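The values are calculated or read from the model by the stated rules, or taken from the named source; none is laboratory data. It should be emphasised that the depicted structure is a prediction, and the values quoted were computed from it without experimental measurement. Here Cβ is always computed from backbone atoms with ideal geometry, including for glycine, and neighbour counts include all displayed protein chains. Side chains included, ligands, DNA and RNA excluded: accessible areas come from the protein's heavy atoms. Shrake-Rupley method; radii C 1.70, N 1.55, O 1.52, S 1.80 Å.
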Amino acid sequence: MKNFTVTVLFMSIASFYLKAQKNDTLVIRPEHLGIKDLTIGRSTYIIYSKKSKESPAERTVLVKINVESIAHNGKPAISVTQQWDRDTITHAAVTLFNRTDFSTISHNSFWKRLGYTSKFDFETKKVSFEGKVIDSIKNKITSDFNDSFKKYNLNWHSDLVIFSLLPYKENRVFKINFYDPGFGKAQEVFYSVTGSDFLSGSSGEKIDCWTLINKITTPVNGYQKFWISKKTKEVLKEEDSFNGQYRYKLKFAVSEEY
């Protein structure tokens, strides 16, 4: 009888825990985003990789992001410009968002390693390319783009901006339908608010942050972890781990331009 009672109690606790987890999962829709509180302006991040946490930094890249409030066809919109520098411009992107629901209006992207520019017009539902692109890649990118219209999604390429809009809460799980134009199909991604942590500022102050994690199982085991300031909502730090190696993004206190 004692073992039976313990078993029933354990099952009840487990059932309650699973229900609580389910109830804490928030499928992100436009009404959940704090778009009115979006910070307009420039920010700069440094990205680097490490073979282990004790190893020196490698493959350092400077990322400059500019968020602007603009008008597009007479309607309020948000422009996010990114430039990635490493001796030369390795990547540049300009993304326009609908200010009402943060859906993507257009996304133009150049990657030096790919050798071409891709332009995605979400209003006309057309993709175009500048540079040499083989037909199989064009067809795959276009097919994934067409499929992306089946559900409301957010632009994964601007995740650092989007994370500043989420309604954080202890133990909450965000289910986000993300689409990174040109890099596969839209997919549902789960980010868990794992709690709080403090980062140290340059003057020694402690910065209270939410911690957000995305666990990755394919194609490799790993995770992405983010530290988001509770006060300013900005992403201050990202730590990625894949097969024992690490990549970091750290936000600068000031930007080169103002």
Per-residue counts of other Cβ atoms within 10 Å, averaged by peptide: what ranking do you get for 127-137, 187-197, highest first?
187-197, 127-137
In nm, to one decimal, how far is the modelled label at residue 185 from the one at residue 221, with both set 7 Å along Cα→Cβ?
2.6
Estimated distance in nm for a label pair at residue 124 and residue 46, the labels positioned 7 Å out from Cα along Cα-to-Cβ
4.3
All Cα pairs of the chain, percent lying beyond 27 Å
44
With all pairs of different alpha carbon atoms counted, what Kirkwood hydrodynamic radius in Å does the stretch 113-163 show?
12.4
23 Å Cα cut-off, lysine pairs counted over the stretch 58-154 (separation 8 or more, or different chains):
28
For the stretch 40-80, accessible area per residue (1.4 Å probe, heavy atoms of protein chains only), Å²
53
Full-stretch length increase - residue 89, residue 135 - with 0.36 nm per residue and alpha-carbon distance subtracted
14.0 nm
Say R0 is 22 Å: what FRET efficiency, to the nearest 0.05, do residue 257 and residue 231 get from their beta-carbon distance?
0.40
Name the lysines eligible as straight-distance cross-link partners of residue 53: C-alpha to C-alpha under 20 Å, and not fewer than 8 places from it in the same chain.
215, 225, 237, 249, 251
On each of the three principal axes the extent of the alpha-carbon atoms of the stretch 63-116, given in whole Å and largest first, is 37, 19, 16
Stretchable slack from residue 175 to residue 36, in nm (0.36 nm times residue separation minus alpha-carbon distance)
47.9 nm
Determine the share of the chain's accessible area contributed by carbon and sulfur atoms, expressed in whole percent, with a 1.4 angstrom probe.
54
Under the 7 Å Cα-to-Cβ spin-label approximation, residue 29 and residue 198 lie apart by a distance in nanometres of 3.9
Keeping all protein chains in place, calculate the accessible area per residue for the stretch 155-213 (probe 1.4 angstrom), answer in Å².
42
With a Cα-only, solvent-free Debye model of the stretch 160-250, what are the log10 I(q)/I(0) values at q = 0.11, 0.13, 0.16, 0.19 Å⁻¹?
-0.33, -0.47, -0.70, -0.96
